[in-house]
Amino acid sequence: MSGPATIGRCTWALLLAIAIGAATHGTHAQSITDVQNVAKARGLTNADLLAAAKTFMPSGQKDEYIMFSSGGHSGQVFVIGMPSMRLLRSIAVFTPEPWQGWGYGVGEEVLAAGDVAGKPNRWGDTHHPALSETKGDYDGQWLFINDKINARVAVIDLRDFETKQIVKNPLTISDHGGTFVTPDTEYVIEGGQYATPWGADYAPISEYKEKYRGSVTMWKFNRKKGRIDIENSFALQLPPYWQDLSDAGKLASDGYIFLNSLNSEMATGGIQDKKPPFEAGVSRNATDYLHIIDWKKAEKVFKAGKVEKIKGFPVITLDTSIAEGLLYLTPEPRSPHGVDVAPRGDFIVVSGKLDPHVTIYSMQKIKSAIASKKFSGKDDFGVPILDFDAVLEAQVELGLGPLHTQFGPDGYAYTSLFLDSAVARWTLGGTYGSGTPEPDWTLVTKTPVHYNVGHIGCAEGDTVSPDGKYLVAFNKWSVDRFFPPGPLLPQNFQLIDITASGATMPVIYDMPIGVGEPHYAQIIKADKLNPWTVYPGIGWDPHTQSLDPWAPKAKMERIERKGDTVEVYMTAIRSHFNPEHITVKEGDKIVWRITNIERAIDAVHGFAVPQYNINLSLEPGETAKIEFVADRPGTFPFYCSEFCSALHLEMMGYLMVEPR
Ligand code: CUK
Ligand code: CUA
């Protein structure tokens with residue numbers, strides 16, 4: 001770790017030594033003069049060279065951290081190496097994606113599970129990825145992500161980085177406060193968003209207070225099966241405030257979840273009738289409510305059967321929650337957005353978009369306020385409101401538009417400031433105070449970012465053991481940072497070096513994101529991930545993560561006709577498919593199985609059929625089954641769509657559909 005003083009006094013010699021060390025790894029050394037000349041010619045400063053040396057990744061070297069970023073409107077997840085900020089791949093989730101063969105022959109059933117009443121929803125607005133945790137620490141096994149537009153949650157297996165499941169919330173129409181996991185990934189949490197009558201039922205907005213409701217859904221995760229266990233999942237009914245971001249307690253707050261809200265005013269808008277628009281009505285009150293939910297108690301209530309089935313889903317109603325002491329509110333200023341639990345679980349940090357402070361609640365105080373019934377009243381639905389002063393630990397003035405907070409290993413907290421376009425570093429007080437030079441609960445420094453930061457992500461910065469080192473600001477606008485590719489500009493992920501303490505927190509890299517508008521990302525130590533580079537056996541079905549007994553094998557390739565059904569058993573290996581001629585009759589049903597029988601790393605084959613909208617990606621060992629009706633007579637050259645070998649163009653065959 002270099003202190004701020006070291007960097008401040010950094011000499012050219014030191015900088016250049018670092019730059020040269022990084023740039024010439026394993027090759028002959030360049031002279032200092034060369035680097036100086038390059039720096040001069042390109043107008044690079046000391047700080048630029050240092051930033052380059054910190055982020056440059058020589059060919060063949062691998063990043064220390066892996067960032068899983070939401071893909072925003074792309075409906076995907078992006079996997080990015082850090083600190084190089086190189087995009088390693090996208091993971092298709094809610095949106096069909098041809099390179100991965102997702103939704104063009106494979107994945108349709110997973111995608112269809114997210115349909116509503118049989119109507120396809122083939123895009124997603126992914127917001128908050130959540131890595132699975134063991135004892136509050138990332139374990140590198142699973143990744144979850146929500147879709148805000150249609151209230152869906154997806155499960156991604158980090159053995160092959162592929163989506164395995166999509167569940168559609170039967171109650172809420174949109175979601176926002178998710179996904180977040182409980183400390184052992186017992187549950188994946190999906191907070192709702194805009195209050196509605198549940199299940200897309202109709203009710204006029206004049207009946208808002210009676211008929212519109214909020215929710216939080218506790219999706220039970222079955223690690224063994226690698227799936228959300230819908231049967232053992234449940235929801236809690238909440239008042240029609242717009243539940244927003246959420247987080248799960250850990251250690252001192254284990255067993256609790258926290259949800260922000262806005263619109264405790266229950267404003268219903270109506271700008272066209274000269275009523276206050278939502279933006280005014282929703283922000284009228286000085287405070288909204290932090291929801292505090294005892295999920296372990298709620299689980300017991302659910303298991304005891306004290307639920308109502310609504311839209312076929314078990315719901316703990318508001319009345320039951322109040323009677324059983326599951327749900328408490330406490331005021332939070334002002335137009336709240338982020339809620340983030342500190343590493344030891346002792347403090348809960350809430351940001352109000354229209355309040356220059358972050359507000360810190362003490363879990364210990366919350367628990368004793370619940371025990372001693374220190375209520376300042378009840379809301380309109382009878383939910384007890386914990387007295388604000390009784391649960392408040394501190395407020396720290398940071399700047400304009402605080403949104404989201406992450407944590408470092410050293411008692412530092414970091415908060416994004418949307419209106420200031422800055423990231424603030426401040427100190428957690430209480431038990432953290434001893435390890436830091438600054439007094440408790442103090443703003444230390446701010447680093448400007450470009451521009452309009454939303455979330456931030458620190459390396460393992462929302463776990464029980466944050467790593468520090470790096471912070472990424474997920475900036476909504478990039479304005480003048482990049483070449484403008486038309487009026488739709490990329491977003492900007494800015495990498496910030498947080499290794500030094502105190503006021504030193506430089507931006508060291510800009511990464512344009514030109515595919516959707518990502519929100520949040522989680523950053524895990526790369527060595528915690530253990531992905532397969534080839535599937536464990538030939539004939540592997542990624543959906544079941546097991547060998548498929550029906551998978552075509554070498555020397556057993558064949559075509560079988562059973563009535564009007566034609567079954568194809570095909571293998572793929574550099575550089576041919578076998579069989580190469582498939583002749584069927586118009587109207588035949590085709591069940592086409594293909595196995596990539598390669599064992600070499602990266603020996604991927606595609607399988608694309610024109611006019612039938614089929615494209616697969618077959619990774620080494622993978623088997624796939626596609627089914628379609630040969631409803632279009634003609635001659636269709638199918639081919640391998642990955643440039644796999646010198647004779648890749650020859651890796652093709654003919655599907656001949658004879659007219660009836
Ligand atoms: S929200 Cu985007 S900046 Cu959807 Cu997590 Cu706060
Ligand atoms: Cu196989 Cu190209």
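A short reminder: the numbers here are calculations on the coordinates, not readings from a lab. Bear in mind the structure is a predicted one, so any value in this text is a computation, not a measurement. Using ideal geometry, Cβ is built from the backbone for each residue, glycine included, and neighbour counts are taken over all protein chains shown.
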**Message:** If R₀ is 60 angstrom, what is the calculated FRET efficiency for the pair R86 and K378, using the beta carbon separation as r and rounding to 0.05?
**Reply:** 0.70
**Message:** Quick check for me: using +1 on Lys/Arg Cβ and -1 on Asp/Glu Cβ, what's the dipole size of the chain about its Cα centre, in debye to the nearest 20?
**Reply:** 280
**Prompt:** Alpha carbon centre of segment 246-309 versus segment 101-144: separation in Å?
**Reply:** 24
**Complete:** For K378, counting only aspartates and glutamates whose alpha-carbon sits under 20 Å away and dropping same-chain residues fewer than eight positions off, the answer is E210, E265, D288, D294, D319, E324, E332, D387, D389
**Complete:** Which of K119/K148; K119/K309; K311/K373 exceed 27 Å between C-alpha atoms? The answer is K311/K373
**Request:** Indicate the gyration tensor shape class of segment 337-434 (rounded, prolate or oblate), computed on the Cα atoms with a ≥ b ≥ c the square roots of the eigenvalues: a/c under 1.5 is rounded; otherwise a/b larger than b/c is prolate and the rest oblate.
**Result:** oblate
**Prompt:** Cα convex hull of segment 540-658: how many Å³ per residue?
**Reply:** 97
**Charge tally in the Cβ shell below 9 Å around D564, where Lys, Arg are +1 and Asp, Glu are -1, D564 excluded** = +3
**Item:** Total formal charge among the other residues, if their Cβ is under 9 angstrom from that of L618, Lys/Arg +1 and Asp/Glu -1
**Value:** -4
**Request:** May I ask for log10 I(q)/I(0) of segment 34-116 at q = 0.11, 0.19, 0.26 Å⁻¹, from a Debye sum over the Cα atoms as equal point scatterers with solvent left out?
**Result:** -0.50, -0.88, -1.15
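Mind ranking 247-255, 617-625 by how tightly packed they are, going by the mean number of other C-beta atoms within 10 angstrom, highest first?
Per-residue Cβ counts within 10 Å, averaged per peptide and sorted highest first, yield 617-625, 247-255.
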**Prompt:** Once amide H atoms are placed 1.01 Å from N in the peptide plane, what residues at a sequence separation of 5 or more from Y65, or on another chain, have their amide H within under 5 Å of its amide H?
**Reply:** M82, A526
**Item:** Mean ellipticity per residue at 222 nm, deg cm²/dmol - from DSSP H runs of n ≥ 4 across the chain, formula -39500 (n - 2.57)
**Value:** -3000 deg cm²/dmol
**Fill in**
Compactness check, the chain: C-alpha Rg relative to the 2.2 N^0.38 Å globular estimate gives 1.05
**Asked** Taking every pair of alpha-carbon atoms in segment 532-590, what share in percent sits in each 10 Å bin, from 0 to the bin with the longest distance?
**Response** 20, 42, 32, 7, 0
**Message:** I want the antiparallel fraction of DSSP beta bridges within segment 540-658, as a percent rounded to 5.
**Reply:** 65
**Item:** Computed over the chain: relative contact order in percent, which uses C-alpha pairs under 8 Å that are six or more apart
**Value:** 10
**Item:** Euclidean distance of C-alpha centroids, segment 53-88 and segment 507-554, integer Å
**Value:** 13
**Item:** Kirkwood Rh and Cα Rg combined as Rg over Rh, evaluated for segment 464-600
**Value:** 1.23
**Prompt:** Lys pairs in segment 510-609, Cα-Cα under 30 Å, at least 8 apart or on separate chains: how many?
**Reply:** 7
**Distance between segment 315-365 and segment 571-612 - C-alpha centres, whole angstrom** = 54
**Prompt:** What percent does the relative contact order of segment 540-658 come to when contacts are Cα pairs within less than 8 Å and at least six residues apart?
**Reply:** 28
**Asked** Hey, got the dipole for segment 321-434? About the Cα centre, +1 on K and R Cβ, -1 on D and E Cβ, debye to the nearest 20?
**Response** 180
